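A.B. asks: If you scroll down you'll find the structure; I have some questions about it.
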Amino acid sequence: NGSQPRLFFLFTDILLYTKLPTVNLARTPTTSSGDVLDVDYKPNSLECCCLLPLRHCFIVPVLGNGQQGLFRLRCESEDMLLYSSDNPTQSEWVSTLSKAVKE
């Protein structure tokens, strides 16, 4: 269905992801690739999409070792291709998520 911006929160035993507040995005600066630089999050502005228990998650590298900006997150009935246009950030997420899942 195409890509959709999401905001992820990693806790010790779950991964939460939300939709970004669309009202604020129209007036928010972005990078040339469309990544949101700064959003003023108001109370109740984020819509929770899903809570994923890390004990049921798998991180699957796509295109080699997953360091090229794309990786798959599988958890129970969820199967998502995730990417960031910022390779250092994406590499850190793959590493941090993989470590959290193992722990």
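The values are calculated or read from the model by the stated rules, or taken from the named source; none is laboratory data. For clarity, every value in this text was computed on a predicted model and none was experimentally measured. Here the Cβ is made from the backbone with ideal geometry for all residues, glycine too, and neighbour counts use every protein chain on show. Keep in mind that these areas ignore ligands, DNA and RNA; they rest on the heavy atoms of the full protein, side chains included. Shrake-Rupley method; radii C 1.70, N 1.55, O 1.52, S 1.80 Å.
A.B. asks: Taking the stretch 85-102 as the region of interest, how many residues are modelled with pLDDT under 75 and farther than 19 Å from residue 3 by Cβ? Full working, then the answer.
C.D. replies: Restricting attention to the stretch 85-102, the residues satisfying the condition of being modelled with pLDDT under 75 are 85-90.
Restricting the remaining residues to those that are farther than 19 Å from residue 3 by Cβ gives 88.
Counting residues in the stretch 85-102 that are modelled with pLDDT under 75 and farther than 19 Å from residue 3 by Cβ gives 1.
A.B. asks: I need a count of the residues in the stretch 60-84 that are modelled with pLDDT of 70 or more and open to solvent by 40 Å² or more (accessible area, probe 1.4 Å).
C.D. replies: First pass over the stretch 60-84, keeping only residues modelled with pLDDT of 70 or more: 60-62, 70-84.
Pick out the ones that are also open to solvent by 40 Å² or more (accessible area, probe 1.4 Å) and you get 60-61, 70, 72, 74, 76-79, 81, 83.
The number of residues fulfilling the criteria is 11.
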